[in-house]
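Shown next, in structure tokens, is the structure this report addresses.
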């Protein structure tokens with residue numbers, strides 16, 4: 001029997017650079033109130049959201065990803081030609097094939113990098129980060145680009161009082177590369193498919209195509225069910241990620257949860273008993289819920305504003321439609 005030659009990858013992986021892109025158009029709550037019966041006070045009290053960004057026709061999923069990726073590559077201090085893999089997490093690229101990752105890899109100038117899309121909702125960045133880490137340690141790539149990108153304005157029902165104010169557009173990207181020491185902890189991830197109806201697309205694309213429904217498909221959710229699940233169950237997952245990394249809340253510098261809702265963030269901070277010195281990402285206030293893009297966008301903003309610094313220890317957790325989740329501890333670039 002022939003023996004397969006073992007791969008030789010890096011001992012560990014880390015995030016080397018981060019970049020973000022937010023569309024030019026800023027949409028305040030007042031615009032949302034033109035189509036739903038609500039108030040700015042109600043929206044802020046329920047979600048913490050004040051504004052969000054909506055993409056123009058030119059700000060496509062690919063275009064936003066390329067902008068964010070260029071910044072991440074520059075921040076990492078490498079060239080696009082060194083990128084060996086491109087992983088894109090999105091639920092709002094409407095071409096089933098080919099994967100938008102291939103277009104991004106080409107336009108960035110990579111050297112025929114492996115490129116593919118994944119769909120894991122608001123946990124997608126964590127899934128992509130875990131895959132990238134595996135590629136680097138396994139030896140199939142030296143540097144991997146992980147992108148979370150969404151145009152959720154295309155999937156927003158502006159007449160749905162429960163969700164019209166939630167969603168925004170944008171792209172966040174990180175470059176993952178080799179490290180001499182652990183800088184991306186074990187991932188605690190999973191799914192709860194028995195709750196798949198909690199966050200979903202209203203109808204399949206085929207129903208819209210065949211004319212059985214007149215309204216364009218949109219994202220809908222059972223708000224209270226999502227809130228309870230996120231607050232009680234995801235705090236447990238976050239704690240498991242800390243335990244897996246051998247980190248206590250006192251060891252943390254930064255907490256970057258999925259930017260779904262500020263009330264969820266506040267509740268998780270309380271449940272985890274995070275010390276006051278831990279910086280908490282609250283990008284949701286001005287960016288809204290950008291699904292797979294929310295964690296890298298929040299990370300980029302914290303570093304850009306100086307609220308977090310390179311070398312800080314951060315707990316990141318994403319959770320959403322599926323229901324799916326992924327949490328890990330990372331060293332910030």
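The values are calculated or read from the model by the stated rules, or taken from the named source; none is laboratory data. Keep in mind that this is a model prediction, so the values were computed, not measured. Neighbour counts run over all protein chains shown; Cβ positions are idealised from the backbone, glycine included.
Any idea which of (1) modelled with pLDDT of 95 or more; (2) under 24 Å from residue 122 (Cα atoms); (3) assigned to a helix (DSSP H, G or I); (4) more than 18 Å from the chain's Cα centre (by Cα) is the one residue 68 doesn't satisfy?
The failed condition is (4).
In the same structural domain as residue 151 (by TED's automatic domain parsing) and in contact (Cβ under 8 Å) with a residue 40 or more places away in the chain, is that true of residue 123?
Taking the combined requirement at face value, the residue satisfies it.
What number of residues within region 162-184 are out of contact with any helix residue (DSSP H, G or I) (no Cβ under 9 Å at 6 or more places or on another chain) and either part of a strand (DSSP E or B) or buried (at least 19 other Cβ atoms within 10 Å of the Cβ) (or both)?
Here the count works out to 1.
Given (1) outside any helix (DSSP H, G or I); (2) modelled with pLDDT of 95 or more; (3) surrounded by fewer than 24 Cβ atoms within 10 Å (Cβ to Cβ), identify the lone condition not met by residue 130.
(1)
Among the numbered criteria (1) in a helix (DSSP H, G or I); (2) modelled with pLDDT of 90 or more; (3) more than 22 Å from the chain's Cα centre (by Cα), which single criterion is violated by residue 247?
Among (1) in a helix (DSSP H, G or I); (2) modelled with pLDDT of 90 or more; (3) more than 22 Å from the chain's Cα centre (by Cα), the lone unmet condition for residue 247 is (1).
May I ask you to list the residues in region 64-79 that are farther than 29 Å from residue 262 by Cβ and either touching a strand residue (DSSP E or B) at 6+ places or on another chain (Cβ under 6 Å) or crowded, with 17+ Cβ neighbours inside 10 Å (or both)?
Selection gives 66, 70, 73, 76, 78.
Suppose the filter is in a helix (DSSP H, G or I), farther than 24 Å from residue 8 by Cα and either in contact with a strand residue (DSSP E or B) (Cβ under 9 Å, 6 or more places away or on another chain) or assigned by TED's automatic domain parsing to the domain that holds residue 297 (or both); does residue 136 pass it?
Considered against the rule, which asks whether it is in a helix (DSSP H, G or I), farther than 24 Å from residue 8 by Cα and either in contact with a strand residue (DSSP E or B) (Cβ under 9 Å, 6 or more places away or on another chain) or assigned by TED's automatic domain parsing to the domain that holds residue 297 (or both), residue 136 comes out as no.
Return yes or no: is residue 268 in the same structural domain as residue 322 (by TED's automatic domain parsing), free of Cβ contacts under 8 Å to residues at least 60 places away in the same chain and within 15 Å of residue 320 (Cβ to Cβ)?
Considered against the rule, which asks whether it is in the same structural domain as residue 322 (by TED's automatic domain parsing), free of Cβ contacts under 8 Å to residues at least 60 places away in the same chain and within 15 Å of residue 320 (Cβ to Cβ), residue 268 comes out as yes.
Just name the residue that is nearest to the chain's Cα centre (by Cα) out of those in region 282-333 that are surrounded by fewer than 24 Cβ atoms within 10 Å (Cβ to Cβ) and modelled with pLDDT under 95.
Once the filter is applied, the top-ranked residue is 321.
Sort out which residues of region 71-84 are assigned to a strand (DSSP E or B) and within 12 Å of residue 108 (Cβ to Cβ), and write them in order of number.
Hit for region 71-84 is 83, nothing else.
State all residues of region 80-110 that are free of Cβ contacts under 8 Å to residues at least 60 places away in the same chain and out of contact with any helix residue (DSSP H, G or I) (no Cβ under 7 Å at 6 or more places or on another chain); if no residue qualifies, say none.
Residues satisfying the conditions are 81, 95, 96, 97, 98, 99, 101, 102, 105, 106.
Restricting region 22-65 to residues that are without any contact (Cβ under 8 Å) to a residue 24 or more places away in the chain and assigned to a helix (DSSP H, G or I), which is nearest to residue 119 (Cα to Cα)?
Looking at residues that are without any contact (Cβ under 8 Å) to a residue 24 or more places away in the chain and assigned to a helix (DSSP H, G or I), I get 63.
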